[in-house]
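A short worksheet on the structure shown next.
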Amino acid sequence: MAALLNFLFSLFFLLEATTASASAGWLSAHATFYGANQNPSTLGGACGYDNTVHAGFGINTAALSGALFRGGEACGACFLLACDAKADPKWCLRRTSVLVTATNFCPPNNHGGWCDPPRHHFDMSLPAFSLLARLGPEGIIPVIYKRVSCARRGGVRFTLKGQQNFNLVMISNVGGSGDVKAAWMRGSRTRTWVPMHRNWGANWQTTIDFRNQALSFRVVLVDGKTLEFSNVAPRGWSFGQTFASRLQFH
C-alpha cells in the first residue's frame, strides 16, 4: 500500500508540473553544476559580485546561458527551478524545487554546447543543483523554470569601487524583479541626477567626481519599478565600502 501511495503521489507531482509548465509560465531548460571544488559564495563571476553571501544572495546561484543572461541585465534576477522527473526519472529528486539567483554567465562554445544560443540553460552552484538531482556521471538534468520575485533581507546595497573621478558602484541585494535596468547617482552638491552606465554585470559607472559628497541613487528595475535612495553614503565615504539602504523593492 505504501509503495502504491508513493507512486500515486509521484504521478500527481509529475502531472502537476506538466500542467504548470503549460499554463503557469513554466519553461523547459537544462541544468548542470560548476564550482564543485570552490567555495560557492565566490561564484559571482560575470555579474561582478565579490561574494554572493555578502551581496545578499546566499549560495543558491546560477550562471545563465546568453539567451537568459541578456548581456548582464539578468544579474540579480530570481528563478524557480524543478527537475523534470518525467523526462529523467532516474536522476531527478521528486517533489523538490530550488530558488536561484543569477550571478554569472555561462559562455557558449559555438559547437552545440548547452549554453549555445538559443538554448535556455542554468549552470548551477553545486549546493543548488544537489537539491534537484542526484549527482550522476553526466551531470546534466532537464528542468522546468519560471521567473519569480526576489525576496531579500534588508535594503538594497551599494558597494563603492573605482578611484578618484571614476565611480564604479555594485548594486546588490535587490528585491522585486531583482534585475536593474537603469541607475543614476547624485552628490549632495550636485543639482541633477547623473545617469550611470552598466560597466559589467551589476557594476555601474560614472566619470563624475563625487568625492567628499553624500551620495544618493535612483534605480529602475527591468519591470519598471523605481526607487530613490537618498543620502545612502555619508560625505566621508571611501572606495571599498558597502552601504545598505533602508528601502527595498517588493
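The values are calculated or read from the model by the stated rules, or taken from the named source; none is laboratory data. Just so it is clear, the model here is predicted, and its values are computed rather than measured. Quick reminder, even Gly has a Cβ in these numbers, built from the backbone with ideal geometry, and neighbours come from all protein chains shown. Please note that ligands, DNA and RNA were not included when accessible areas were found on the heavy atoms of the full protein model with its side chains. Shrake-Rupley method; radii C 1.70, N 1.55, O 1.52, S 1.80 Å.
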Vicinal HN-Hα couplings computed from phi for the range 43-50 (Karplus, 6.51 cos²θ - 1.76 cosθ + 1.60; Hz; Gly/Pro x) = 8, x, x, 5, 7, x, 6, 5
key: the range 198-206 - phi-based ³J(HN,Hα) in whole Hz, Karplus 6.51/-1.76/1.60, Gly and Pro as x   = 5, 7, 6, x, 8, 9, 10, 9, 9
ask   = For residue 50 and residue 94, what is the calculated FRET efficiency with R₀ set at 25 Å and r taken between the beta-carbons, to the nearest 0.05?
value = 0.10
query = Where does helix 2-23 land angle-wise versus the long Cα axis of the chain, in degrees 0 to 90, nearest 10?
reply = 50
Potential extension, residue 247-residue 209 segment - 0.36 nm per residue separation minus Cα distance = 11.1 nm
task = For the range 109-117, just list the computed ³J(HN,Hα) in residue order, Karplus coefficients 6.51, -1.76 and 1.60, θ = phi - 60°, integers in Hz, with x standing in for Gly and Pro.
result = 10, 6, 9, x, x, 5, 9, 5, x
Sequence-distant residues sharing a close amide H with residue 61 (under 5 Å, placed H) = 101, 125, 128
key: GNM top mover of 151, 133, 87 - the chain, alpha-carbon springs below 10 Å   = 87
remark   = Ranked by GNM mean-square fluctuation in the chain (Cα springs under 10 Å), the top entry among 103, 206, 52 is 206
note = Share of accessible surface on carbon and sulfur in the range 13-136, whole %, 1.4 Å probe and ligands ignored, is 58
task = Set the Förster distance to 22 Å, then compute FRET efficiency between residue 230 and residue 153 from the Cβ-Cβ distance, nearest 0.05.
result = 0.55
inquiry  = Show me the ranking of peptides 225-235, 121-131 by mean Cβ neighbours inside 10 Å, starting with the highest.
reply    = 121-131, 225-235
query = Which FRET efficiency value, to the nearest 0.05, is calculated for residue 188 and residue 38 with the Förster distance at 45 angstrom and r the Cβ-Cβ distance?
reply = 0.65
note = Carbon/sulfur accessible area of the range 192-237, % of total, 1.4 Å probe, equals 49
inquiry  = Limiting things to C-alpha atoms, what are the Rg and the maximum Cα-Cα separation (Dmax) for the range 68-155, in angstroms?
reply    = 13.6, 43
query = Roughly how many Å² is the accessible area per residue of the range 111-250, as a whole number, for a 1.4 Å probe?
reply = 49
